[in-house]
Amino acid sequence: MAKQNAIYKCDICGNVVSVLEAHAGELVCCGQPMNLLEEKTAEQEGKEKHVPIVESFEKGIRVKVGSVSHPMEEKHYIELIQLIKGDDVVAGKRLNSDDEPFAEFCNMNAEGLKARIFCNIHGVWVS
């Protein structure tokens with residue numbers, strides 16, 4: 001059974017799926033089950049390049065990826081930044097390899113929020 005709001009990846013073709021609604025059944029791609037990408041934290045690597053940092057600013061919330069800016073290259077970049085409150089994804093932004101590794105979300109309060117990012121090489125990281 002898929003997990004609500006989880007992110008899965010196919011090891012064969014590289015398809016990535018974010019689950020909007022979870023029900024019975026298995027996520028399958030290229031004839032095999034997709035892999036659940038476990039959320040990693042600062043304990044796995046430290047805060048330098050992957051752990052998202054949530055900051056308040058005058059218009060809302062800013063999420064930066066890493067205390068040292070994450071590389072944004074054609075073959076290695078942050079594809080997704082999400083804000084999560086409780087068990088719900090409340091906002092998100094897709095990024096391209098030529099974007100800066102941050103996102104701003106207007107009219108939001110940081111209280112009770114955590115950030116989650118997806119690096120195309122190193123997987124899912126949470127604040």
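Computed values, structure above
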quantity	calculated
20 Å Cα cut-off, lysine pairs counted over region 2-74 (separation 8 or more, or different chains)	6
Share, in percent, of DSSP beta bridges within the chain that are antiparallel, nearest 5	95 percent
Read-out Rg and Dmax of the Cα atoms in Å, derived from the coordinates shown; its label in [x] 14.9, 41; [y] 14.7, 48; [z] 21.6, 77	[y]
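FYI, it's all coordinate maths here, none of it is from the lab. Keep in mind that this is a model prediction, so the values were computed, not measured.
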